[in-house]
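J.: One structure, as C-alpha cells, below. Some questions next.
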Amino acid sequence: MNEDAEEIAICGLDGVLALVEHRLHHLHNESGERDWAAFHAACIDDMPNLPLIHRLNQAREAGTPVVLLSGRSAAVRVQTKQWLHDWQITHDALWLRPEHDRRPALAFKTEVIERHYAGRRIRRVYESAQHLDVARDYTARGIPCTLFGPNQGNGATREQFELKTVRHACEHVTLYPFYGDDDYTWADRIQQLTAGACLLCQAEEAEAERARQAATARLAAQARGLPPLEGSEKQVAWAEGVRLSAFGGIDKLTVWVARVDAEAEREDPDHWRTIKQGIARATAYLEAQTEARWWIDHRHGISNSLDGGRALVNAVAEQEGYF
C-alpha cells in the first residue's frame, strides 16, 4: 500500500471502463421504449476501455485501492464479475445498484460513498459524461473528476485503441477513448474537441439558457394574466416554455379569427358563433391548467403556429365537449 492508505480511486463502468455502443439500441430506438433489462444483460459483450484498465491496474499495484461504482443493475452482477475477470480488471470493491432501485445514479452513488467511504480521501473519480450531475457533485466537493466523453470510433474495428487527453477551451480536461484503423487519423477530431468547451461546461450553459428561457416565459405568462404553475422547480421551468408555445399558437389563431370574422359571420353566423364559443371555452380551459405536469404530458403537438393553435384548441374543445 502507499503512504496514504486512506486514499482511493473510484471508477464507473458503463461508458467508462465498458464501451456500450452495441447495446444503446435497447434505450434509443424508433419505438421510444427503454428496455433497461436487455441493456444491462448485454453487458457481457462490451468492449473494454483497455488504456483506462491499464491505468487503474497500475494505480492499484502502486497501492491505491480501486473502487468500481456503477448505476448498473445488480441483476447482472454475475455477468459483470465474469467480464471483469475476463479482461483482468483488478479492483477492491464492486458496487452495483440494487435490483428494483429506481433512484437517480447520483443518489445511489452518494449513498455508497457516504456510508462506506466517509473520511476516505478520493484521489480521482472516472465518470461517464452521461452522468454530468454526478460529475458536478464530485467537483463541488473538491474531488478531482475526469469525465469520459462519448467513444470516438469509425466503425467496428479495434485495430487501434488509444485514450486521448483533451484540454478544452474552458481549461477542463476530458478523456476520450479513440478507436479505429490504420486509415483514419484523429487529429482533426481532437482539434475540434480542444476548440470547444467540455461536456460539463456545455451542460451548464445549456441549463443557464433553459433558465433564461423559462424566466422569459414566466414574465410573458404574468403579462397575459396566466396563473403561476405548480410543481417542482425543474417541472415548472420546462412547462413554462411549453405553455408559452401553446399560447403563442392561440394568439395566432385569435388574429386569424379577427381577420375572417366578418366574412364568416355573413356566410354562416350560427356555425361561426359556435366555433368562436368553442375557441373561447377551450382557451379558458387552457388558462386554468396550473399543473406543470399537465403541460409536460401534453407537450407533443403543441406548436407556436396558426396550425398548431387550431389543432390544440380543437383537441381541447372536442375533449371537453365544447363543439
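J.: Are any residues in the stretch 92-110 of a type in the set (D, E, K, R), open to solvent by less than 80 Å² (accessible area, probe 1.4 Å) and touching a strand residue (DSSP E or B) at 6+ places or on another chain (Cβ under 6 Å), and if so, which ones?
T.: Arg97, Lys109 - these are the residues of the stretch 92-110 that are of a type in the set (D, E, K, R), open to solvent by less than 80 Å² (accessible area, probe 1.4 Å) and touching a strand residue (DSSP E or B) at 6+ places or on another chain (Cβ under 6 Å).
J.: Conditions first: (1) loosely packed, with under 13 Cβ neighbours inside 10 Å; (2) in contact (Cβ under 8 Å) with a residue 40 or more places away in the chain; (3) closer than 26 Å to Val78 by Cβ. Gly119 passes all but one, so which condition is the exception?
T.: Result: Gly119 fails condition (3) only.
J.: Next question, about the same structure. Yes or no: Trp36 aromatic (Phe, Trp, Tyr) and either within 26 Å of Leu132 (Cβ to Cβ) or in contact (Cβ under 8 Å) with a residue 60 or more places away in the chain (or both)?
T.: yes
J.: Take the conditions within 21 Å of Arg120 (Cα to Cα), open to solvent by 80 Å² or more (accessible area, probe 1.4 Å) and either outside any loop (DSSP other than H, G, I, E, B) or touching a strand residue (DSSP E or B) at 6+ places or on another chain (Cβ under 9 Å) (or both) and apply them to Arg60. Does it pass?
T.: For Arg60, the condition - within 21 Å of Arg120 (Cα to Cα), open to solvent by 80 Å² or more (accessible area, probe 1.4 Å) and either outside any loop (DSSP other than H, G, I, E, B) or touching a strand residue (DSSP E or B) at 6+ places or on another chain (Cβ under 9 Å) (or both) - is met.
J.: Please indicate, with yes or no, whether at least one residue in the stretch 151-166 is modelled with pLDDT of 85 or more, under 22 Å from Ala41 (Cβ atoms) and either touching a Leu at 6+ places or on another chain (Cβ under 6 Å) or among the aliphatic types (A, V, I, L, M) (or both).
T.: No, that holds for no residue.
J.: Also, quick follow-up: Only one of (1) touching a Gly at 6+ places or on another chain (Cβ under 8 Å); (2) open to solvent by 80 Å² or more (accessible area, probe 1.4 Å); (3) of a type in the set (D, E, K, R) fails for Arg218. Which number is that?
T.: So the condition that Arg218 fails would be (1).
J.: OK, next. Would you say Asp92 is over 30 Å from Glu204 (Cβ atoms) and over 17 Å from the mean Cα position of the chain (by Cα)?
T.: Judged against the criteria, Asp92 is a match.
J.: Residues Ile89, Ile113: which one is in a helix (DSSP H, G or I), buried (at least 20 other Cβ atoms within 10 Å of the Cβ), of a type in the set (A, V, I, L, M) and touching a residue at least 24 places away in the same chain (Cβ under 8 Å)?
T.: Ile113
J.: From the list Gly249, Gly241, pick out the single residue that is buried (at least 16 other Cβ atoms within 10 Å of the Cβ) and touching a residue at least 40 places away in the same chain (Cβ under 8 Å).
T.: Just one listed residue meets the conditions, Gly249.
J.: While we're looking at this one, here's another question. Can you spot a residue in the stretch 57-65 that is of a type in the set (A, V, I, L, M) and in contact with a helix residue (DSSP H, G or I) (Cβ under 8 Å, 6 or more places away or on another chain)?
T.: no
J.: Give the residue that is farthest from Glu318 (Cα to Cα), with candidates limited to residues of the stretch 282-306 that are among the aliphatic types (A, V, I, L, M) and in contact (Cβ under 8 Å) with a residue 12 or more places away in the chain.
T.: Ala292
The values are calculated or read from the model by the stated rules, or taken from the named source; none is laboratory data. Everything numeric here is computed off the predicted structure, so don't read it as measured data. Reconstructed Cβ throughout: ideal geometry from the backbone, glycine too, with neighbour counts over all protein chains shown. We work out accessible area using only protein heavy atoms, side chains counted, and drop any ligands, DNA or RNA first. Shrake-Rupley method; radii C 1.70, N 1.55, O 1.52, S 1.80 Å.
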